[in-house]
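Note sheet for the following structure.
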Amino acid sequence: MKFAVYVKTPELRNDERLSSMLSALVSAGAETYFIETAGDLREGTGMLLSIGGDGTFLSASKRVGDSGIPVLGVNLGRLGFLSENDIGEVIEPLLAGDYSIEERELLKVSAEGLAPDRYYPYALNEVSVHRCGSAMLGVTVALDGRKLPVYWADGLLVATSSGSTAYSLSVGGPICMPESRVLIIAPIAPHNLNVRPLVVPDHSSIDISVHSRDGAFMFSMDNRTETVEAGTRLSVSVAQFSLKRVRLNKYNFVKALTSKLFWGEDVRNGAEQ
Ligand code: NAP
């Protein structure tokens, strides 16, 4: 197989653990090559290896775009939730074909008046709007054309199931099993006692308009940000293509929640009942 390799931090290219992993692939008859941009992907590439943390995985998902090339996350970063595989434990299952490909939904955002070639409009974790000055935002969301009460907040996000363990988690959103076909709409620091994250079907169309006394606001798609004038309308929906993510068969989502995010950790666990 032909493997493309993406590292966000250039120094990692010389990491000994990475070199020995790539040598093992080459010894088994595979071809490997490094990429920086989507344009570097070669015809016939069977898989992209994303080497780093989740931030790298998000950038790797932009590199493959709608090419259908699956991405395997190999952790050399910090948390490594999307990119959960330890570098020493990848070669054996990879060469044995002991993995499956899962489809992860992506979001597509279009911003009124913003040239589509100015930004890459897809996100794996979330699309979020934020204040860019000191003033609070008034965020109006129309769900399939029906308006929700205005959110008075620092911002708002629309997250996928993949993104439910990222920013959405920090604003009190629910954790979704990766195969759940839902989106989460959640305010960021709302100035209300009575708003909660809302879970909606993935076929929803979500229109967002933002009022700000600062005259502008920012919107982010995962780790990329644009600044636009207040009043700019955003439309968010599930993209027409998904990200193919390589999942080693030994992977267990609940185990990842406990080992990476310490879900359910309690001094009573393991004690006699
Ligand atoms: P970053 O701010 O440097 O790191 C964000 C942290 O979130 C990293 O520890 C990253 O893991 C982790 N992460 C990213 N996607 C995740 C996922 N799906 N599940 C669990 N953890 C995840 O930014 P970045 O690395 O470029 O990533 C951009 C993402 O950061 C955004 O999409 C957003 O979700 C998140 N973010 C969160 C907050 C917040 O929680 N208050 C604020 C801004 C942005 P690694 O350490 O493995 O890279």
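The values are calculated or read from the model by the stated rules, or taken from the named source; none is laboratory data. These numbers come from a predicted model, not from an experiment. Don't worry about glycine lacking a Cβ; one is built from the backbone with ideal geometry, like all the others, and counts go over all protein chains shown. The area values use the complete protein model at the heavy-atom level, side chains included, leaving out ligands, DNA and RNA. Shrake-Rupley method; radii C 1.70, N 1.55, O 1.52, S 1.80 Å.
Of everything in region 242-257, what is under 21 Å from Val74 (Cβ atoms) and free of Cβ contacts under 8 Å to residues at least 60 places away in the same chain? Give them in sequence order.
Across region 242-257, the qualifying residues are Asn252, Lys255.
Of the residues that make up region 179-188, is at least one in contact with a Ser or Thr (Cβ under 6 Å, 6 or more places away or on another chain) and within 11 Å of the ligand (Cβ to nearest atom)?
no
Could you grab me the full set of residues in region 118-134 that are farther than 15 Å from Val64 by Cβ, assigned to a strand (DSSP E or B) and either open to solvent by less than 20 Å² (accessible area, probe 1.4 Å) or within 13 Å of the ligand (Cβ to nearest atom) (or both)?
First, pick out the residues of region 118-134 that are farther than 15 Å from Val64 by Cβ: 118-119, 121, 125-134.
Next, from what is left, pick out any that are assigned to a strand (DSSP E or B): 126-131.
Selection gives Glu126, Val127, Ser128, Val129, His130.
In region 232-271, which residues are touching a strand residue (DSSP E or B) at 6+ places or on another chain (Cβ under 7 Å), surrounded by 12 or more Cβ atoms within 10 Å (Cβ to Cβ) and either among the aromatic types (Phe, Trp, Tyr) or not in a strand (DSSP E or B) (or both)? Before the answer, list the steps.
Narrowing region 232-271 to residues touching a strand residue (DSSP E or B) at 6+ places or on another chain (Cβ under 7 Å): 232-239, 242-249.
With the extra rule that they be surrounded by 12 or more Cβ atoms within 10 Å (Cβ to Cβ), the set shrinks to 232-239, 242-248.
Hits for region 232-271 are Thr232, Ala239, Ser242.
Determine which single condition Gly138 fails, assuming it passes every other condition in (1) open to solvent by less than 20 Å² (accessible area, probe 1.4 Å); (2) within 12 Å of the ligand (Cβ to nearest atom).
Of the numbered conditions (1) open to solvent by less than 20 Å² (accessible area, probe 1.4 Å); (2) within 12 Å of the ligand (Cβ to nearest atom), the odd one out for Gly138 is (2).
I'm trying to understand the selection: among the residues of region 180-233, which are farther than 18 Å from Trp152 by Cβ and among the aliphatic types (A, V, I, L, M)?
Correct list: Val182, Leu183, Ile184, Val199, Val200, Ile206, Met221, Val228.
Each row is one residue, and each column tells you yes or no for (1) of a type in the set (Phe, Trp, Tyr); (2) more than 16 Å from the ligand (Cβ to nearest atom).
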| position | (1), (2) |
| --- | --- |
| Phe219 | yes, no |
| Arg224 | no, no |
| Ser235 | no, yes |
| Arg247 | no, no |
| Lys255 | no, no |
| Leu261 | no, no |
| Gly264 | no, yes |
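Checking the structure you have, find out if any residue of region 83-91 is exposed (fewer than 15 other Cβ atoms within 10 Å of the Cβ) and at pLDDT 95 or above. Please lay out each step first, then the result.
Step one: list which residues in region 83-91 are exposed (fewer than 15 other Cβ atoms within 10 Å of the Cβ), which gives 86, 88-89.
Still in the running and at pLDDT 95 or above: none.
No, that holds for no residue.
Is it the case that Gly173 is buried (at least 22 other Cβ atoms within 10 Å of the Cβ) and assigned to a loop (DSSP other than H, G, I, E, B)?
Details: buried (at least 22 other Cβ atoms within 10 Å of the Cβ): yes; assigned to a loop (DSSP other than H, G, I, E, B): yes.
Judged against the criteria, Gly173 is a match.
I need the full set of residues from region 81-117 which are closer than 16 Å to Leu234 by Cα and not in a loop (DSSP other than H, G, I, E, B), in order please.
Selection gives Leu107, Lys108, Val109, Ser110, Ala111, Pro116, Asp117.
Out of everything in region 151-167 that is hydrophobic (A, V, I, L, M, F, W, C) and open to solvent by 10 Å² or more (accessible area, probe 1.4 Å), what residue ends up being farthest from Val182 (Cα to Cα)?
Trp152
Quick one: Val158 ticks every box in (1) hydrophobic (A, V, I, L, M, F, W, C); (2) within 16 Å of the ligand (Cβ to nearest atom); (3) in contact with a helix residue (DSSP H, G or I) (Cβ under 8 Å, 6 or more places away or on another chain) except a single one, so which number is it?
With (1) hydrophobic (A, V, I, L, M, F, W, C); (2) within 16 Å of the ligand (Cβ to nearest atom); (3) in contact with a helix residue (DSSP H, G or I) (Cβ under 8 Å, 6 or more places away or on another chain) applied to Val158, the lone miss is (3).
Filtering region 176-189 down to residues that are more than 14 Å from the chain's Cα centre (by Cα) and free of Cβ contacts under 8 Å to residues at least 40 places away in the same chain, which residue is least open to solvent (accessible area, probe 1.4 Å)?
The qualifying residue least open to solvent (accessible area, probe 1.4 Å) is Ala186.
Which residue pairs have Cβ atoms closer than 6 Å, lie 6 or more positions apart in sequence or on different chains, and pair a first residue in region 228-241 that is over 18 Å from Ala115 (Cβ atoms) with a second residue that is surrounded by fewer than 19 Cβ atoms within 10 Å (Cβ to Cβ) and among the small types (Gly, Ala, Ser)?
Going by the 6 Å Cβ cut-off, the qualifying pairs are Ala230/Gly215; Ala230/Ala216; Ser237/Ser205.
Collect the residues in region 19-57 that are open to solvent by less than 20 Å² (accessible area, probe 1.4 Å), within 16 Å of the ligand (Cβ to nearest atom) and either assigned to a helix (DSSP H, G or I) or among the basic types (Lys, Arg) (or both), keeping them in residue-number order.
Thr56, Phe57
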